[in-house]
Amino acid sequence: MAIPPSKSAAIVIVGAGVFGLSTALELTRRGYTNITVLDRHLAPVPDGSSVDVSRIIRADYADVFYARMALDALQNGWHGEYAPYFYQSGLMCTQTQGCGEHEYIAQSKQNMEQLGGKAANLLSFQGAEIRQQYPGIHGDLSQASGYVNMDSGWANAELSIGHLARNCTRAGVSFRAGPQGTVTDFLTQTTTATTGKKRVTGVRTASGESIAADLVMVSTGAWTPHLLEMTGRSVSVAQPVAFLQLTADEARELDNNRCPVILDLSTGWFTFPPTPGTHLLKIARHGFGYERTNEAKPQNPSAYSAPTLARQGGYLPPDAEKALREGLELWLPRFKDRPFVQRRLCWYSDTPKGDFIVDYHPDYEGLFVATGGSGHAFKFLPVLGRYVADSLELTASAEQRQKWAWPVAPQPIASGDGSRGGPPRRRLTPEERARL
């Protein structure tokens, strides 16, 4: 059985995203005194999954565990310390294809009504009612249905992560970046001759340095397969993101007071109110994504999908760009042919049911894993470290321990938590990989 580290233990956290930073800060608040965070870049990491101009902040979950957790984050963070980065524009959860109730939307709405009671700020709609309520949304939405939760919205992710990183520095967390912070392997030693089980005693970096640790925590998101075998536990997939430039007048029609975040669960297409100051309109897809195949290596003996360690370029596969424009044509047809001024792939670390993996690794002593964000971890930033630290200290609730346990038996990774839309996951072709 795993033994939590002492307060004076040397703890190395690999990954300066939302899992790594929030846990580092929480551990310092609990009295841990020797914490070092390693990453390829200083936070906010430019291509990190938790860094961008915007991320959806919602408690709208079909799974009540995450709904409660997200309400915790809203009440104890996004309406508090992180309020300067949060825009309560509302969130439209909708379907535009098929008939009858969308299971995820219906269950999310029910959870919000039950958890929020009479205070739940929800507005149901059918078809043309969207255009009546939000004139800036001007497409043919006669087949759309769903609801708007006016308590949800979006946050500036890059600024939020920057604030969190500064809090870590003030709290005494050490940081290493560049080759000195790029972890290439673990330092290990065999603990017993009979079992052959190994203990992780530190990490080795791209600079050739060895850094000793009493506990190593891996919070590297989609980059985790470079360090650990994750087959059947998580798969790293890329999702398309693009930006359009609006004029000041166009942006005003869709600003935070006139338009919610739109999430079309039929196609996975979503968009935000234009970013204040720049008038950039961000569109993306919360779908099943693209795999990028890597060759096997000693620490991961199977071929695996993961982004490169180098910063990603601005490329979208043709079918991804087509899908993003089809979303514009449905929701905002005025802009369907507007050139993209930025484009890129955003990397998720997907698990079979969309649950995070936050647990001690069963095959290595001294190794704790916090990954599998599945494209929805950022919103928990203000409170996530508390939940992860509970798992690390073995004090988490039975429900949390079960949901976030290391999956002993590999499972198919296909449908996730039911919030995805669009075509099935596919592998990028060699020609597409070469353009990343």
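Descriptive notes on the structure:
Results for (1) in contact (Cβ under 8 Å) with a residue 60 or more places away in the chain; (2) more than 22 Å from Ala377 (Cα to Cα); (3) open to solvent by 20 Å² or more (accessible area, probe 1.4 Å); (4) not hydroxyl-bearing (Ser, Thr, Tyr), shown as yes or no for each residue.
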{"residue": "Asp39", "(1), (2), (3), (4)": "yes, no, yes, yes"}
{"residue": "Ile57", "(1), (2), (3), (4)": "yes, no, no, yes"}
{"residue": "Tyr85", "(1), (2), (3), (4)": "yes, no, yes, no"}
{"residue": "Leu91", "(1), (2), (3), (4)": "yes, no, no, yes"}
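- Number of positions in segment 292-330 that are open to solvent by 50 Å² or more (accessible area, probe 1.4 Å) and not in a helix (DSSP H, G or I): 10
- Answer residue from segment 121-132, given it is touching a residue at least 12 places away in the same chain (Cβ under 8 Å) and crowded, with 16+ Cβ neighbours inside 10 Å and is farthest from Lys336 (Cα to Cα) among those: Leu122
- The residues on offer are Thr201, Thr275, and the sole one that is part of a strand (DSSP E or B), modelled with pLDDT of 95 or more and among the polar types (S, T, N, Q) is Thr201.
- Only listed residue being surrounded by 22 or more Cβ atoms within 10 Å (Cβ to Cβ) and in contact with a Pro (Cβ under 6 Å, 6 or more places away or on another chain), chosen from Leu215, Leu263, Leu244: Leu215
- Matching residues, segment 93-120, being buried (at least 19 other Cβ atoms within 10 Å of the Cβ), part of a helix (DSSP H, G or I) and out of contact with any Cys (no Cβ under 9 Å at 6 or more places or on another chain): Asn111, Met112
- Gly287 meets each of the listed conditions (1) assigned to a loop (DSSP other than H, G, I, E, B); (2) modelled with pLDDT of 95 or more; (3) over 16 Å from Glu329 (Cα atoms); (4) open to solvent by 10 Å² or more (accessible area, probe 1.4 Å) apart from (4).
- Tally of residues being part of a strand (DSSP E or B) and hydrophobic (A, V, I, L, M, F, W, C) across segment 226-272: 12
- Within segment 300-318, residues that are at pLDDT below 90 reach partners that are loosely packed, with under 14 Cβ neighbours inside 10 Å and part of a strand (DSSP E or B) with beta carbons closer than 6 Å, at six or more positions or on different chains, in the pairs Ala303/Thr293.
- Residue in segment 133-157 that is most open to solvent (accessible area, probe 1.4 Å), counting only those that are hydrophobic (A, V, I, L, M, F, W, C) and outside any strand (DSSP E or B): Met150
The values are calculated or read from the model by the stated rules, or taken from the named source; none is laboratory data. Here the structure is a predicted model, which is why all the values come from computation and not from measurement. All Cβ positions, even for glycine, are placed from backbone atoms using ideal geometry, and neighbour counts span all protein chains on display. Quick note on the areas: whole protein, heavy atoms, side chains included, nothing else; ligands and nucleic acids left out. Shrake-Rupley method; radii C 1.70, N 1.55, O 1.52, S 1.80 Å.
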